[in-house]
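First the structure, in the form of structure tokens, and then the observations on it.
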Amino acid sequence: MTPAPASIGDALAAIDTPALIVDLDAFDFNIARMAAFAAEAGIAVRPHAKTHRCPAVALRQVAAGAVGQCVQTVGEAEAMIAGGISDVICTNEILAPSKLARLAELATRAKVGLLVDSAEGVERASRAAVAAGSVLDVLVEIEVGMGRCGIAPGGPAAALARLVADAPGLLFRGLQAYNGRAQHIRTHAGREEAVSRAAEAVRATQAGLAREGLVADVIAGAGTGTFRLETAAKLWTELQVGSYAFMDGEYASLEGEGGAVQPEFRHSLFILAEIVSAATADRAIANAGLKVMSTEQGRPSVFERPDIEVTGVSDEHSRLELSLDAPPLGLGDRVRLVPSHCDPTVNLHDWIVAVRGDVVEDIWPVTARGASR
């Protein structure tokens, strides 16, 4: 790991740039808001660790009422459990024997689950659990519009659930009904329609499970873009939200009900960057580029500066263009860049600098950085 860009107690101005920072006031607001929503709705929250890759964040979410964490890889599961999280589900199909062996070993120390969408996946997971002397929780993943993984809903999914229920070392817990594409549909009506189709798939599968004498105690899915819709459907039992804690630019641009763009969560994650060139009054160059932030969902924005547009991002720099009436930026000035996609941005950093006001309150290691296996 690279050295941390700051120390606890440092002033904001002392942070070595570029740095990934979290505004704790906004972060705490986001965690509390989701926790309060879930408590009032009577639904569980299982935040996705692929967003933050950081046990310190996960522990704060659990302290606020989250039942555990989702992860996407076995490496992320290992990092979360090593960091003190005792309930993890890998929201992915894991097939490699070596990976399944690692997951099954983790299940001797914590509550661990995974997804299946094939009979082969069931058989391999069962063998690994039996060999480790552990039990793996299993959700059958159904296709609800994502077009990625997932068995057909209804009868095929129910038949697979029966295989899980009969397999040694596995415990059938329920269904994974997650539509990642729905999270990023810009209009509220479009997201509502996508969740409605997903609900139909869930109901069809519940009927199939009943014919098999099975019940899905857990129906998991949803995300930051649709969690209110899944909750309103009264089918889902766990929300697998992730980006709400940090709130990136892409999620903040989604239309709410009625067409307004009014995010209910605050931007808390930023790239703190420094102006290293200001050769003209209408242009400035910041020392943060592709090596510290992802731009596949678009260029970043400058926090609370609508008069500045990021017009280009290269390896080490961002080009900022100022409107005619914008206050100029000088050498050494600092800006907070809001990344368009928080998940891959976090994965570019070893540390998150947690700031409250103008003071560094904590330094969080991103221990699951690069844990893609």
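A few points about this structure:
- Residue check for residue 259: in a loop (DSSP other than H, G, I, E, B), out of contact with any Leu (no Cβ under 6 Å at 6 or more places or on another chain) and modelled with pLDDT under 95: yes
- Counting the residues of region 107-132 that are free of Cβ contacts under 8 Å to residues at least 40 places away in the same chain and within 18 Å of residue 217 (Cα to Cα) gives 2.
- Some residue of region 268-289 being closer than 25 Å to residue 55 by Cβ and surrounded by fewer than 19 Cβ atoms within 10 Å (Cβ to Cβ): no
- Pairs linking a residue in region 171-188 that is of a type in the set (Val, Ile, Thr) to a residue that is outside any loop (DSSP other than H, G, I, E, B), with Cβ atoms under 8 Å and 6 or more positions apart or on different chains, are 185/191; 185/194.
- Criterion: assigned to a loop (DSSP other than H, G, I, E, B) and either of a type outside the set (Val, Ile, Thr) or not assigned by TED's automatic domain parsing to the domain that holds residue 123 (or both) - qualifying residue of 186, 203: 186
- Check on residue 216, modelled with pLDDT of 95 or more, crowded, with 18+ Cβ neighbours inside 10 Å, over 20 Å from the mean Cα position of the chain (by Cα) and not in a helix (DSSP H, G or I): yes
- Helices (runs of 4 or more DSSP H) lying entirely in region 17-87 (those with 2 or more residues that are polar (S, T, N, Q) and in the same structural domain as residue 217 (by TED's automatic domain parsing)): none
- Boolean, residue 226 is among the polar types (S, T, N, Q), farther than 17 Å from residue 336 by Cα and in contact with a helix residue (DSSP H, G or I) (Cβ under 6 Å, 6 or more places away or on another chain): yes
- Residue check for residue 294: within 20 Å of residue 268 (Cβ to Cβ), buried (at least 18 other Cβ atoms within 10 Å of the Cβ), hydroxyl-bearing (Ser, Thr, Tyr) and in contact with a His (Cβ under 8 Å, 6 or more places away or on another chain): yes
- Looking across region 129-155, the residues that are of a type in the set (A, V, I, L, M), in a loop (DSSP other than H, G, I, E, B) and either modelled with pLDDT under 95 or surrounded by 18 or more Cβ atoms within 10 Å (Cβ to Cβ) (or both) come down to 135, 144, 146.
- Test: residue in region 297-313 that is touching a Ser or Thr at 6+ places or on another chain (Cβ under 6 Å), assigned to a strand (DSSP E or B) and not aliphatic (A, V, I, L, M): no
- Taking the listed residues 158, 128, the one that is farther than 23 Å from residue 236 by Cα and either in the same structural domain as residue 103 (by TED's automatic domain parsing) or not acidic (Asp, Glu) (or both) is 128, with no other qualifying.
- Filtered residues of region 106-127 (kept if assigned to a helix (DSSP H, G or I) and buried (at least 18 other Cβ atoms within 10 Å of the Cβ)): 106, 121, 122, 124, 125, 126
- Close pairs (7 angstrom Cβ cut-off, 6 or more residues apart or separate chains): free of Cβ contacts under 8 Å to residues at least 40 places away in the same chain and over 12 Å from residue 198 (Cβ atoms) in region 133-151, assigned to a loop (DSSP other than H, G, I, E, B) and polar (S, T, N, Q) anywhere: 133/108; 134/108
The values are calculated or read from the model by the stated rules, or taken from the named source; none is laboratory data. The structure displayed is predicted, hence computed values, not measured ones. We place every Cβ from the backbone using ideal geometry, glycine too, and count neighbours over all the protein chains shown.
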